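The block underneath contains the structure these notes are about, expressed in structure tokens.
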């Protein structure tokens, strides 16, 4: 009987050991499959999402039912990474901290610190991330250096980021994935600091590597941006036009907007407007569609095609992608709408229109013309005073023309010395 009980206990012990080992084995299997795909594609597909969720499920069982097993630190690490990949930073952070607190000597600590630093950077805590990365072991040095450079770039410290990347890029045995990451970051930092030839050098080296479709587009787009900054407009247009994107790709409006800007810079306004219209059709309610509509409106406004400009200002104002652009477009549309209401050509009407031009439409040259016509033709002292003050304001505040400011101020003071507008004009001039 005692022998039977002993055998039963032994059987239960082995069964329990096999159960938790199988649970860990399956969790590790799902994790490795998901990580392999993630590290290759840098994104989470529905398949990987399910695998990471299974990792969390299996590891939770280890923590709940086998809290004293030798796989607890493994489970904490796998869960932390899985939560991080799934975008649940709060739970990932909690698991990382449990690993650091209860298993400070775990074999996972070096890699965990690098991944935790990644979490901190993504959460907007680059300084704390850098403090952790400074104590990274040699086995994680390359990843740590890359993350350190990323954290510096996030804070706009592009020169310091480049200093970190320089020795890393000189390493002959740097892994393919790390080299691609380092080259792209170096290109972006060089671009931000105006080192355009270096940006081109890094991008050309980057193109010699096997890149994902997304990274190929990113590389070509940045190259187009560099050529645009270097005034190599034909090269910029050629590079951006060569980007191959699927129909209705969300990146298409942005690329087309940049091509339209190049056409405009080259002086081909008609082709630029055509391309801006294409952007608007692609992205009517989005950021680039709104900017395209506003740009078209401004171009027609400059050409004095007010009716067409109003139509496009109205389109730009209807999008909420950028509230400031929407408000400015609405302000311009309403100002032109008000001008349309004034059908009779009287000096009083000209004063109202001049105020709209200077205050709402940023067209001081038209306002000056209106104000001068009022001074020359009005029989009303009140209207002439307002027109003279308007001229003083424009020449002083907008054109910074001292001679013209003095000329119209002297006329105002000579004719209407006791007017409140003279005091306002004096105050304006004395503010220099």
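The values are calculated or read from the model by the stated rules, or taken from the named source; none is laboratory data. Everything numeric in this text was worked out from a predicted model, so none of it was measured. Don't worry about glycine lacking a Cβ; one is built from the backbone with ideal geometry, like all the others, and counts go over all protein chains shown.
Miscellaneous remarks
- Meets criteria (within 30 Å of residue 294 (Cα to Cα) and either buried (at least 19 other Cβ atoms within 10 Å of the Cβ) or touching a residue at least 40 places away in the same chain (Cβ under 8 Å) (or both)) for residue 384: no
- Failed item in (1) loosely packed, with under 14 Cβ neighbours inside 10 Å; (2) farther than 25 Å from residue 331 by Cβ; (3) out of contact with any helix residue (DSSP H, G or I) (no Cβ under 7 Å at 6 or more places or on another chain), with residue 377 passing the rest: (3)
- Given (1) within 28 Å of residue 303 (Cβ to Cβ); (2) in contact with a helix residue (DSSP H, G or I) (Cβ under 8 Å, 6 or more places away or on another chain), index of the condition residue 365 fails: (2)
- Considering only residues in region 225-238 that are within 21 Å of the chain's Cα centre (by Cα) and farther than 20 Å from residue 182 by Cα, the one that is surrounded by the fewest Cβ atoms within 10 Å (Cβ to Cβ) turns out to be 229.
- Of the helices (runs of 4 or more DSSP H) lying entirely inside region 48-147, those containing at least 3 residues that are over 29 Å from residue 167 (Cβ atoms) and touching a residue at least 40 places away in the same chain (Cβ under 8 Å) span 72-86.
- Options 208, 214: the member that is at pLDDT below 95 and within 25 Å of residue 156 (Cα to Cα): 214
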